[in-house]
Amino acid sequence: MEVGLEEVRQAARTVSRWQACLFGEHANAVRAVVAEQLFVRKGARVAFRYAMCGRGDYVVRVGDTFQVRVRGCQHRLCSRCSRRKGLRYVKRVLGWLRRSEKVVLHHVVLTQDLVGLSLREAYDANQERLRRVMKVAHGLGKLRSGLATIHTVWSERTESWHVHTHLLVDGGGCEGAEGLGEWLKDAWIRSEGREDRLAHRRAQFSRLVAKWDGLEEFPDECQQEFFEDRLTALQRAVVYPLRDVTEGVRLAALAAAGEERIREFVEEADCRKTFRLYGEWRSDPAGGASEVEGGQGEEVEGERVAVAAGVQEVRIGKVDRVFRMAREGVVWGVEFVRWLRLRCLNRTAYCRRVLGMCDAVLGESSVLKEDSG
Ligand SMILES: [Zn+2]
């Protein structure tokens, strides 16, 4: 099929039920503008693939359970695919935390309140400041490891780009580790050279997430979208900010920006790194390759179930089709939606959307209506 701008536009503006789960209402409005701009910049194939992300995901029956096999667009500006990329950083950090005996973990948010800059200027200013501050922290031996991600928000209040950095840092074993968050805040404020501004000082955030001595086990489900709330208090304290920091591109935060600003975002953000690692976390905890591994093999939405040899796999259909099967009362459709519903054990926005959709689909299911009637 020859794909033109009209097809891309059509694809981007038609949101399937599964895409509504994956992206959410506000992000979907922004996605349509991003897809059109990608058509202009990168051509029809990239734009169409972006617009269709999630519609190729399909359901497989594996033994007595299910899996959702992911067909993502892999694009940097896709909130779903960048979130999935973030999961590899979750895996990297948890890999280190399992092996580290002394951990002092802080969550720090560093903002700049520069008004009226272009997005390129805002990114450059943020990047340069962060580079300087982290270099000093490292040079003074204050920081063992860290992970940073840049979030881009359009502020309606100031009518400006609000670029800020989320950091998860471990000062375990370093001198003054408990004060690392506050030290980073102070260094950030000093780096601007206008220390007197109270409002700027107040806009910075730091919190001690957790600290422990001795090895701490983190279950594998922590790596997945459907990580469970049935974790210990310490594990939960670590997993939520870790998920925040690795969330990647948040398109919903651009919902109020308007089309012209979203196009500017595509121009500038498409060539920038979303995640940065510091110190120990830059290398593989198991001593393998230093790069955070790419999407090798088949990816799974939700928990990957250990499959015993000889267990039969049956491909049921694309997720949206299986939702329709459930509404029509087809047994495997209903079973899949019930299974998916039981996977929604945490309070992330994504999990809440999936849960809401499962309830809606089950509510419309003809079989269930007959059962109750
Ligand atoms: Zn995608």
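Using Cα pairs closer than 8 Å and at least 6 residues apart in sequence, work out the relative contact order for the chain, in percent. Intermediate results must be reported in sequence, preceding the final value.
On the way: 633 pairs, mean separation 93.2, N = 373.
The value is 25 percent.
Got the relative contact order for region 1-55 handy, in percent, Cα pairs under 8 Å and 6 or more residues apart?
Numbers: 54 pairs, mean separation 26.2, N = 55.
Computed over region 1-55, the figure is 48 percent.
To make sure I understand the rule: partners must be lysines, Cα under 24 Å from the Cα of residue 185, and not fewer than 8 residues away in the same chain. Which ones qualify?
Leaving aside lysines fewer than 8 places away in the same chain, those within reach of residue 185 are 102, 135, 142, 211, 273.
Taking the chain as the reference, fit the longest principal axis to its C-alpha atoms, fit the long axis of helix 349-364 to the helix C-alpha atoms, and give the angle between the two in degrees, 0 to 90, nearest 10.
20 degrees
Give me the one-decimal nm value for the distance between modelled label points at residue 117 and residue 76, 7 Å along each residue's Cα-to-Cβ direction.
A separation of 1.8 nm, rounded to one decimal place.
Is it possible to state the helix-based mean residue ellipticity at 222 nm for the chain, with each DSSP H run of 4+ residues giving -39500 (n - 2.57), the sum divided by total residues, to the nearest 500 deg cm²/dmol? What is it?
The per-residue figure over the chain is -14500 deg cm²/dmol.
Round to the nearest 10 and give me the degree value, 0 to 90, for the angle of helix 119-139's Cα axis relative to the longest principal axis of the chain.
That helix lies at roughly 60 degrees to the long axis.
Could you give the length gained on full extension between residue 64 and residue 311, defined as 0.36 nm per residue of separation minus the Cα-Cα distance, in nm?
Answer, rounded to one decimal: 88.0 nm.
Suppose every Lys and Arg Cβ carries +1 and every Asp and Glu Cβ carries -1, with no other charges. What dipole size does the chain come out with about its Cα centre, to the nearest 20 debye? Could you put the intermediate results ahead of the total?
Numbers: 62 positive and 54 negative charges, 65 e Å.
The dipole of the chain has a size of about 320 debye.
Any idea how far apart residue 186 and residue 342 come out in nm if each label point goes 7 Å out from Cα toward Cβ?
Rounded to a tenth, the inter-label distance reads 5.3 nm.
Determine, for 275, 205, the number of other Cβ atoms within 10 Å of each Cβ, and report the residues in order from fewest to most.
Listing 275, 205 from fewest to most nearby Cβ atoms yields 205, 275.
If you take the Cα Rg of region 79-282 and divide it by 2.2 N^0.38 Å, with N the number of residues, what do you get?
Here the Cα radius of gyration is 1.03 times the empirical estimate.
Per the Kirkwood formula on distinct C-alpha pairs, the Rh of region 88-171 is how many angstrom?
On the way: mean 1/r = 0.0699 Å⁻¹.
Evaluated over region 88-171, this radius sits at 14.3 Å.
Please sort 251-257, 171-177 by packing, taking for each peptide the average over its residues of neighbouring beta carbons within 10 angstrom, highest first.
Answer by packing, highest mean first, reads 251-257, 171-177.
Can you compute the modelled spin-label distance between residue 217 and residue 232, with each label point 7 Å from Cα toward Cβ, in nm?
0.9 nm
Working from Cα positions, state the angle (0 to 90°, nearest 10) between the long axis of helix 331-343 and the longest principal axis of the chain.
Tilt relative to the chain: about 20 degrees.
Bear in mind these aren't lab numbers, they're just calculated from the coordinates by the rules spelled out. None of the values given here were measured: they were computed from a predicted structure. FYI the Cβ positions are ideal-geometry reconstructions off the backbone, even for glycines, and counts take in every protein chain you see.
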